[in-house]
1. From the phi of every residue in the range 76-86, what ³J(HN,Hα) in whole Hz does the Karplus formula 6.51 cos²θ - 1.76 cosθ + 1.60 yield, where θ is phi - 60° and glycine or proline is x?
2. Modelled label-to-label distance, L56 and Y136, 7 Å Cα→beta-carbon offset: nm?
3. Which whole-number percentage describes the relative contact order of the range 100-188, with Cα contacts under 8 Å and a sequence gap of 6 or more?
4. List the residues, sorted by chain then number, that are 5 or more residues from I57 or on another chain and whose placed amide H is less than 5 Å from its amide H.
5. How many nm separate the modelled label positions at Q206 and V72, each set 7 Å beyond the Cα in the direction of the Cβ?
6. If you line up the long axis of helix 37-49 against the longest principal axis of the chain, both from Cα atoms, how many degrees apart are they, to the nearest 10?
7. Take the Cα atoms of the range 39-111, find their three principal axes, and give me the spread along each one in whole Å, biggest first.
8. Could you work out Rg/(2.2 N^0.38 Å) for the chain, with Rg from alpha carbons only?
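Every number in this text was worked out from the coordinates using simple rules, so none of it is lab data. Quantities reported herein were computed from a predicted structural model and do not represent experimental measurements. We place every Cβ from the backbone using ideal geometry, glycine too, and count neighbours over all the protein chains shown.
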Amino acid sequence: MKTWMLIIYLLTSCSFVSFAQEPKPFLLTHIVYPDIDDYSELFVEIYTELGFKVELIPTPSIRGLILLNNDVVDADVLRLSPIAKKYPNVIVVQPELQSASLSLICSKGVPCNRSILTNAKISILANNRMLALIEYGEFKSVHVENELFSSVLDMLKANRYNYAIYVIDDVIEKHFDQDLQIVELKKISINHVIHKKHIGLLPQIQEKIRSKLPDLTHRRLENSHPKE
């Protein structure tokens with residue numbers, strides 16, 4: 001009898017330990033955008049190290065922030081800081097991941113300067129959040145709403161549209177500056193964002209970003225240089 005009780009005790013103890021060590025799920029969204037896979041990998045690594053089982057979920061631009069604000073997901077890989085700050089349940093994590101440029105992107109061979117924004121006869125691809133970052137009253141063109149970032153460059157290169165408003169950095173710019181024209185409109189901060197329920201993790205997340213970000217930035221810039 002004592003032997004059976006010992007066996008049952010050991011089995012239940014092992015099951016409890018196994019259950020206790022099971023990582024908690026962590027839902028991490030990301031937008032589909034050129035050259036951000038390295039950042040997605042970075043935050044999967046960070047939250048795995050913090051003891052979570054991470055699920056990476058692609059989402060359209062506005063959808064990701066709505067899901068995060070409504071506590072459906074736990075964090076988003078990166079967002080434009082001024083836009084993310086408008087959501088009350090979203091914490092913009094410092095330090096910034098990078099400084100990027102809100103830019104006017106134009107097809108080759110068409111006029112390309114800031115005055116294009118004031119031309120009421122020209123159609124420009126943009127989403128509402130990016131448009132809201134332009135100086136009030138400056139945009140007078142025809143706004144063509146587009147939430148699918150991955151399709152913008154394809155539509156420009158296929159000559160379906162000649163203009164778009166897009167966020168780029170030095171790495172992204174190198175991938176298409178031979179095919180398209182670029183006019184910087186303003187500098188903008190890009191940051192990781194989390195739901196406020198995870199504010200207790202903030203110091204650990206910040207520490208890991210500070211320790212890992214320099215290497216990631218170096219790799220991205222190194223890989224962006226054309227191979228000889």
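1. Residue by residue, the range 76-86 yields 10, 4, 7, 8, 5, 4, x, 7, 4, 5, 7 Hz.
2. Rounded to a tenth, the inter-label distance reads 4.0 nm.
3. Working: 150 pairs, mean separation 46.2, N = 89.
Averaging sequence separation for qualifying contacts and normalising by length gives 52 percent for the range 100-188.
4. Correct list: L28, T29, H30.
5. 3.0
6. Approximately 20 degrees, to the nearest ten.
7. Per principal axis, max minus min of the Cα coordinates gives 52, 26, 23 Å.
8. Values: Rg = 22.4 Å, N = 228, 2.2 N^0.38 = 17.3 Å.
Here the Cα radius of gyration is 1.29 times the empirical estimate.
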